[in-house]
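The numbers here are math on the coordinates, done by the rules we state, and not lab data. A quick note: this is a predicted structure, and the numbers were derived from the prediction, not measured. Cβ coordinates were reconstructed from backbone atoms using ideal geometry, including for glycine residues, and neighbour counts include every protein chain displayed.
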There are 2 protein chains.
Amino acid sequence: MLPQSLDRHSAIPLYFQIQQHLSDEIRSGKLRPADPIPSEQEIAARLQVSRMTARQAIKYMCNLGLVYTRRGKGTFVSGVKLEKNFRQVLSFSEEMRAQGNRASSRVVHFKTIRADSELAEALHIGLNEEVVSLCRVRLANSQPMAVEASHLALRSVPNLMKLFNPRSSLYQALSDNYGIEVMFADEIVEAGLARARESKLLRVVAGSPVLYFRRIAFTGNGKPIEYVKAAYRGDRYKLVNRLTRPEGGTLRHKS
Amino acid sequence: MLPQSLDRHSAIPLYFQIQQHLSDEIRSGKLRPADPIPSEQEIAARLQVSRMTARQAIKYMCNLGLVYTRRGKGTFVSGVKLEKNFRQVLSFSEEMRAQGNRASSRVVHFKTIRADSELAEALHIGLNEEVVSLCRVRLANSQPMAVEASHLALRSVPNLMKLFNPRSSLYQALSDNYGIEVMFADEIVEAGLARARESKLLRVVAGSPVLYFRRIAFTGNGKPIEYVKAAYRGDRYKLVNRLTRPEGGTLRHKS
DNA sequence: AAGTGGTCTAGACCACTCG
DNA sequence: GAGTGGTCTAGACCACTTG
C-alpha cells in the first residue's frame, strides 16, 4: 500500500513520490473504489515525513479527483475511471493519440489575413491587424473528423509564416520558437448543421449535425494567444466533461 | 490591497478570510489582470500569520483559476472573467438564475419504470430494477430550452415518488430527504437532430440542431445516483468550458 | 544580492466520526 | 476516547528571477 521508502536525494519532491505511488495502486486496482487510503498520520509515520508533506500528497490526488476526504473518517478512493479524457488543453494529435487513433492533418490554407471584429475581440488586437490563419482538416485513421481554423496575432508570433511548417505541431512551434506555453483555454460549443463548405471538407451531406467550437487559448498571464474556430462531425465526435461542485470553505464551529 | 486585520475568533478560517479579501479586490477591479498580488511573505508579515497560511490562501485562489504563480517572480491576477459559468454541477434553475433568466419547468411524466441495459449500466444496478423517471421540459422566460429526463434507482431513494413534488427541486429533495449530495458529474455531449417527439416538446421543426447530453451524477463516494438524458435546443443553448493544462509535479534540480 | 515561490519539518489545537 | 482530517505556527533550505 505504501512504498518501502522514499528517494530523499531525488529531484522528485517527496509529496510527489507519495502521490505517484498511491495513484499507481489505484490505477492498478490494488486500491479499489471506496477503499480507504492510509491516513495522513500513518503515511507520516511510516515514510518518516512530516504530516504536512503527507497531506500535500493527498491534497494533490484530491484535486485530481482520484480520492476524496471526509473529516473524521478518512480518505477514500473515488469510484471514477480517470482513463477517460477529461478535457484538457490538448492538441488534436495528442487527443487522438490518447484514444489510440492515428491522427493526421491536411492543410487547407496557411496565410495572413486582416482581423475582422470577431478576431480583434477574441485576440485583443486592433481591427485589420495582421493575423496568421491556419486551416486544417483533422483526420483520425484517415477519416475526416473536423475542420479547424487557428488564428494568431502576427504581432505575437513574428515570422511564424517562415518558422513554422504547417504540417507539424503548432503548440510545439509556439513553445520552441517563442517560449509560449498555452496554460488554459475557454471554449464555447454549439450544435449546428454543416454548411456547404464544411460538408465538402468533412465528406458529409450538407445539413448533417456538427459541433461548432470557438476556443480562445491563453498563456499563463492571461493573454489570448490563439483563436480557434472548428466544426466537428456530429457522428464521430463527442465531448466528455467532468463537472464539479463549487469549492467552499470549511467552517470552523465556534465553541 | 490587504485587509487591516483578520478576525481571529471567527468561524471562518484565516486562509479563507485572506482569500476572500483578495478575490473581492480582483472581482471589483482594484486588482487588474497581470497585477501582482502581495507575496506570501508580505501577507504573512502584514497579517501576522505564518507563511504556510498565506500560501494556503494563494493556493486556493490558484485552484480557482483566479491567479497564477511563477517561481521566483510572484503571483499574478489571471486575466480571466470568472463571471461566466464555468460548468459546475448546477441544477437547471440554478444555471438559468445565474444568467439572469427566469427558469420554470413543465412535467411531462413522473413514474417508475424498469431499467433497460443503458440505465442499468449507468446507475450500476440490475436489469429490470425499478427506476424513478422524471421527464421535464425546461423553460427559460417561458421559452422551451430543453427536454430533460432524470433517472434514479428507486432503491437509492425509496419513497421518492411520495416524498417529492416533481415541480420542486430534485437536488434539494435528495439533500433534505436522503442526505444525498451530488459531488460531481460526468457528461457526454453530442450534436444531433431533433427527433419528432423532442421537436414537438421544444417547439422546433424536426431536424433542427440539438445538443444531446447524457450525464451521470455521483455522490462523494463515487456512487452513481442520477442518470440524465437531455436534448437542448441548438439555437438557444451553448456550452462554455474551461480547459486546463494537466497538472505536473515540479522538479527539484539537484545541485 | 535580494526577493520570490516550492518544499519540508515537528510540533500544536480543533471539530468531527465512530465504537 | 481514539482516530481522522482541518487549520495553524515558526522556523528552514532550495531553485528561480531580476536588478
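A few points about this structure:
- By the helix-only formula, in which each DSSP H run with n ≥ 4 contributes -39500 (n - 2.57) and the sum is divided by residues, chain A has a 222 nm mean residue ellipticity of -7500 deg cm²/dmol.
- Using a 7 Å Cα-to-Cβ projection, B:Met52 label spacings across copies, nm, ascending: 0.4
- Label-point spacing for B:Asp35 across the identical copies (point 7 Å from Cα in the Cβ direction), in nm and ascending order: 4.9.
- For A:231-243, mean number of other protein chain Cβ atoms within 10 Å: 5
- Span from the region B:161-197 Cα centroid across to the region A:196-227 one, whole angstrom: 31 Å
- Residue by residue along B:187-198, Cβ atoms of other protein chains within 10 Å of the local Cβ number 5 on average.
- For chain A, lysine pairs with C-alpha atoms less than 19 angstrom apart, excluding pairs fewer than eight positions apart on the same chain, total 9.
- Charge dipole of region A:14-77 (Cα centre as origin; +1 on each Lys and Arg Cβ, -1 on each Asp and Glu Cβ, all else neutral): 200 debye, rounded to the nearest 20.
- Estimated FRET transfer efficiency (B:Leu127, A:Glu94; beta-carbon r; R0 45 Å; 0.05): 0.75
- A simple spin-label model places the labels of A:Ile113 and B:Asp116 4.3 nm from each other, with each point 7 Å out along Cα-to-Cβ.
- The order of B:Ile188, A:Ile125, going from fewest to most other C-beta atoms within 10 Å of their C-beta, is B:Ile188, A:Ile125.
- Put simply, when A:68-75, A:43-50 are sorted by average Cβ atoms within 10 angstrom per residue, most first, you get A:43-50, A:68-75.
- Three-way shape label, region B:116-174, alpha-carbon gyration tensor, a/c 1.5: oblate
- Ascending list, in nanometres, of distances separating the B:Gly179 label from those of the other copies (7 Å, Cα toward Cβ): 5.5
- Between helix B:14-27 and chain B: long-axis angle, C-alpha atoms, 0 to 90°, nearest 10: 80 degrees
- Here the spin labels are modelled as points 7 Å beyond Cα on the Cα-Cβ line, and at B:Asn63 and B:Ala34 they lie 3.0 nm apart.
- For peptides A:134-144, B:106-116, sequence by mean Cβ density within 10 Å, most packed first: A:134-144, B:106-116
- Estimated dipole of chain B in Debye, rounded to 20 [Cβ of Lys and Arg +1, of Asp and Glu -1, Cα centre]: 620 debye
- Farthest toward the positive end of the dipole of chain A, out of A:Ser168, A:Thr75, A:Gln17, is the Cα of A:Thr75, where the dipole comes from beta carbon charges about the Cα centre.
- Shape summary: region B:14-77 maps onto an equivalent ellipsoid whose semi-axes, from the alpha-carbon gyration tensor, are 17, 13, 11 Å in decreasing order.
- Efficiency of FRET between B:Ser175 and A:Arg236 - r from beta-carbon atoms, R0 51 angstrom, step 0.05: 0.85
- Taking a ≥ b ≥ c as the square roots of the eigenvalues of the alpha carbon gyration tensor, chain A is prolate, as a/c is not under 1.5 and a/b beats b/c.
- Relative contact order, whole percent, for chain A stands at 13, derived from Cα pairs under 8 Å and 6 or more residues apart.
- Axis angle, to the nearest 10 degrees, between helix A:51-64 and the longest C-alpha principal axis of chain A: 40 degrees.
- Within 10 Å of each Cβ in A:203-211, the average number of Cβ atoms from other chains: 3
- Here the chain B residue lying nearest the rotation axis onto A, judged by its C-beta and given with the distance in whole angstrom, is B:Ala191, 2.
- For region A:90-231, the Cβ-based charge dipole about the Cα centre amounts to some 680 debye (Lys, Arg positive; Asp, Glu negative; other atoms uncharged).
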